[in-house]
Amino acid sequence: MNKKEAAESVRAAKATLGLTWSQLAGAVGRPVAWTTAALLGQHPMTAAQAKAACSLLDLGEDVQQALQLQPTRGALETAVPTDPTIYRFYEVLQVYGPTIKELIHEQFGDGIMSAINFRLDVRREPDPAGDRVVVVLDGKFLPYQW
């Protein structure tokens, strides 16, 4: 079994059992965003993490082993995403990417935000005009070294 097949098994079992990503993160002992990414094939899990997840999901040894494999990162099937939720992030970067870059350079200097030393948080914030989606991208600054 490969990581993509394991991810499909995870999503199916999660739906069948009515589990949440938060419940899975609790069983694995890692943040919900990391756990979700790992179970969708974007991070390797330790044997203990894979076992905890598969135990809760009632999945077999084949899935457990696949979750421990080193991933090929990047989950988009096409250069421009077609899923509306993912496309909106693409659109945000098209519109605000140059602004984010300018502000990083102005505040930190010549460098980038790491996607390796990185944390992600997604939360719901009530608002009278309609609930807000709050996404926090938290990456270490890496200066260019010449």
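Could you please find all residues in segment 1-38 being among the polar types (S, T, N, Q), under 21 Å from VAL135 (Cα atoms) and open to solvent by 50 Å² or more (accessible area, probe 1.4 Å)? Result: THR20, SER22, GLN23. Counting the residues of segment 17-43 that are in contact with a strand residue (DSSP E or B) (Cβ under 8 Å, 6 or more places away or on another chain), outside any helix (DSSP H, G or I) and small (Gly, Ala, Ser) gives 0.
Among the residues of segment 72-92, none qualifies, meaning not one is open to solvent by 70 Å² or more (accessible area, probe 1.4 Å) and more than 20 Å from the chain's Cα centre (by Cα).
Of all residues in segment 44-57, those being over 16 Å from ARG11 (Cα atoms), part of a helix (DSSP H, G or I) and touching a Lys or Arg at 6+ places or on another chain (Cβ under 9 Å) number 1.
The values are calculated or read from the model by the stated rules, or taken from the named source; none is laboratory data. Everything numeric here is computed off the predicted structure, so don't read it as measured data. When we count neighbours, we look across all protein chains shown, and the Cβ atoms used for this are built from the backbone with ideal geometry, even at glycine. The area values use the complete protein model at the heavy-atom level, side chains included, leaving out ligands, DNA and RNA. Shrake-Rupley method; radii C 1.70, N 1.55, O 1.52, S 1.80 Å.
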